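Have a look at the structure below, then the notes.
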Amino acid sequence: MATIFTHAALPLLATRGAGLSLRQRLGIAAVACVADLDLIGVAFDIRPDALWGHRGATHSLLFALVLTGIAGVFARPQRAWLLFAALSHPLVDLLSEFEQGVALFAPWHERFHFFVRPVPALPLGLNELLGVHGVLVLLNELLLIVVPFMLLMAIWRSTSWRGVGIASAAWLGSVVLLTSVWPDSFAPRRVRVFEVASDVPPTPMAGVPGDQWLTRFDDLRAVGLFDRRLDAESVPWSSGFFPSWYGREAGRWKDSRLTLIGRTIFGTRPPTEDEAKAMSANEIARLSPIEKYDLLIGDLSFKATRESLSTAHNARPRPRFWNGLCNGISAAAMERPEPVLEVEEISPNGQHVRFHPLDIKALLGLAYYFPASDVELGGSCEVTAFDAPRVCAMSPVLLTLATLNSVGRARQSFQLDVHATEQAQYYAVASAEVALLGEPRPASLFEGRGVKTVDVELRFQLSATTLPDRVGDVAAGPGRYEAVGLRGVPFAWKATLVLDAQGELIGGKWEGDGPDSLVFPSGGPELIENRVLTVNPGVEWSVIDRLARKSVSPPP
């Protein structure tokens, strides 16, 4: 997105010399910034691609007209400038790189970009805004938005043509120089190139017929794996991912989001022993999942809770909002039935501790955070850059082969990290399709090793791990809650694959961005001495396993 400084700068420049007071000009500039109030949706579990997510309804032309009408009541003579300010915000955002695009015609929920998007978006968040990348974003916006706007204003105001010409030439030269000499800082998108894939064929996977992947294009086509829907045998259920800003498994998810964020900012503590002993059933029900665990096993020092708090609410440095249990949740969803029943057990202190299905999902997410065994293809991204996917996206060949062999032949799911940046969001694959966009065609790549290329589109239906808590908190009767089941999230990526003379898939490139990595978890949670969780040694796996088994609805 464009920064608030650039959104405010354009109305200030436009109203210069218009006979308005500084107060009036600042008010008009403020109108240009109103659309970004949708960022507070993060605190209320609103997904960026939702209608009211970032660059959604508040960035529409309709919202700009309504905003102008409201502001015009208080500043009737400035209505034209107010309309300019309100419209400038979404139009500027169309020029910048952002995955979701702008919902220009909301409530029609289509997102748009300009075909040319020269301005980089901030890679992640507040840390980067206040660091080197924040400065670089401002410099890019100054070079590619503010200065060109100043030149247009100079032409409109009939400034000396000679002066405008010299300034324009200097600006154009600066653009060419900076994008050529420092492309990583002043060119938000780089050309994707063909690369040879490593680890082809990858490690044989159990469950695949013959324990060996098919890697030849003709063999894969012969068994009918292209151009059809491929389904995992066990459909993974969907959930939220219990982000660290809300406390992860140490977050009291029944509290408001603002309360949970406040605990992360100011820190928090578990109950004291006396407080815990005096708690009523309703007070216990509002505790975090890990606090309930400590209470259940009779540990009133809350050892496991303190360990969890050290990685969530009380972490130093403060956790990013998107860091949570998505990898553990998605792994558990692939292996365990969905918890839907409330489980009540009696602690050694005689207290009745009631676990909601969401509590059990959070504890399963913690348990499966480190699986006993896993095979990862692609590798996690550790690059903070404007175009991190250029170097972080996994090979399209590896994703294609994994999809066709594991989901198509073995009908096994795997985890997919869809963001090829430092941000990680893992989903379990529910179904997939590898669609051929044409026949293989002659090519000469990799010093003659590659003799053909073929275009494909990889389409996935992934099981959501970004749902709000309310989705899993719908009562279906006494002690029972509605199963969330599969809430599908569609993702699709296009790629060109390279075949060698034998028809082996040996390389390729993404047409845009690709996902970061994929993981095959197995063997349940990673344990210390076959008893406690590696991720939190204060937690015994047998307790979580027992709760999870009790929370599963018996078959009819």
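The values are calculated or read from the model by the stated rules, or taken from the named source; none is laboratory data. This structure is a prediction, so every number in the text was calculated from the model and none was measured. Every residue, glycine among them, receives a Cβ derived from its backbone with ideal geometry; neighbour counts consider all protein chains shown.
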Seminar exercise, completed: Out of (1) assigned by TED's automatic domain parsing to the domain that holds residue 266; (2) over 20 Å from residue 525 (Cα atoms), the one residue 307 does not meet is (2)
For this session: Determine if region 362-374 includes at least one residue that is aliphatic (A, V, I, L, M) and surrounded by fewer than 24 Cβ atoms within 10 Å (Cβ to Cβ).
Result: yes
For this session: Please enumerate the residues belonging to region 463-512 that are within 19 Å of residue 254 (Cα to Cα), charged (D, E, K, R) and in contact with a Phe, Trp or Tyr (Cβ under 8 Å, 6 or more places away or on another chain).
Result: 469, 473
For this session: Output the number of the condition that residue 52 fails; it satisfies all remaining conditions of (1) surrounded by 21 or more Cβ atoms within 10 Å (Cβ to Cβ); (2) not in a helix (DSSP H, G or I).
Result: (1)
For this session: Just name the residue that is surrounded by the fewest Cβ atoms within 10 Å (Cβ to Cβ) out of those in region 239-258 that are more than 20 Å from the chain's Cα centre (by Cα) and outside any helix (DSSP H, G or I).
Result: 256
Exercise. What residue, of 117, 157, is surrounded by fewer than 19 Cβ atoms within 10 Å (Cβ to Cβ) and either farther than 20 Å from residue 9 by Cβ or over 28 Å from the mean Cα position of the chain (by Cα) (or both)?
Worked result: 157
For this session: Report yes if some residue within region 1-13 is buried (at least 21 other Cβ atoms within 10 Å of the Cβ) and among the aromatic types (Phe, Trp, Tyr); otherwise report no.
Result: no
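Against the condition of a type in the set (A, V, I, L, M), under 21 Å from residue 109 (Cβ atoms) and buried (at least 16 other Cβ atoms within 10 Å of the Cβ), how does residue 82 come out, does it pass?
Considered against the rule, which asks whether it is of a type in the set (A, V, I, L, M), under 21 Å from residue 109 (Cβ atoms) and buried (at least 16 other Cβ atoms within 10 Å of the Cβ), residue 82 comes out as no.
Only one of these is within 26 Å of residue 319 (Cα to Cα), outside any loop (DSSP other than H, G, I, E, B) and touching a residue at least 60 places away in the same chain (Cβ under 8 Å): 92, 135, 42. Name it.
42
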Problem set entry | Tally, over region 295-329, of residues that are in contact with a helix residue (DSSP H, G or I) (Cβ under 6 Å, 6 or more places away or on another chain) and without any contact (Cβ under 8 Å) to a residue 40 or more places away in the chain | 1
Seminar exercise, completed: The one condition residue 470 fails out of (1) part of a strand (DSSP E or B); (2) within 20 Å of the chain's Cα centre (by Cα) is (1)
Exercise. Within the set of pairs 6 or more residues apart or between chains, which connect a residue that is in the same structural domain as residue 308 (by TED's automatic domain parsing) inside region 532-543 to a residue that is of a type in the set (Asp, Glu) with Cβ atoms less than 6 Å apart?
Worked result: 532/540; 534/526; 536/307; 538/307
Seminar exercise, completed: Scanning region 84-108 for residues that are aromatic (Phe, Trp, Tyr) and over 13 Å from residue 119 (Cβ atoms), the one modelled with the lowest pLDDT turns out to be 108
Seminar exercise, completed: Restricted to region 480-496 and to residues being within 26 Å of the chain's Cα centre (by Cα) and more than 17 Å from residue 333 (Cβ to Cβ), the residue surrounded by the fewest Cβ atoms within 10 Å (Cβ to Cβ) is 490
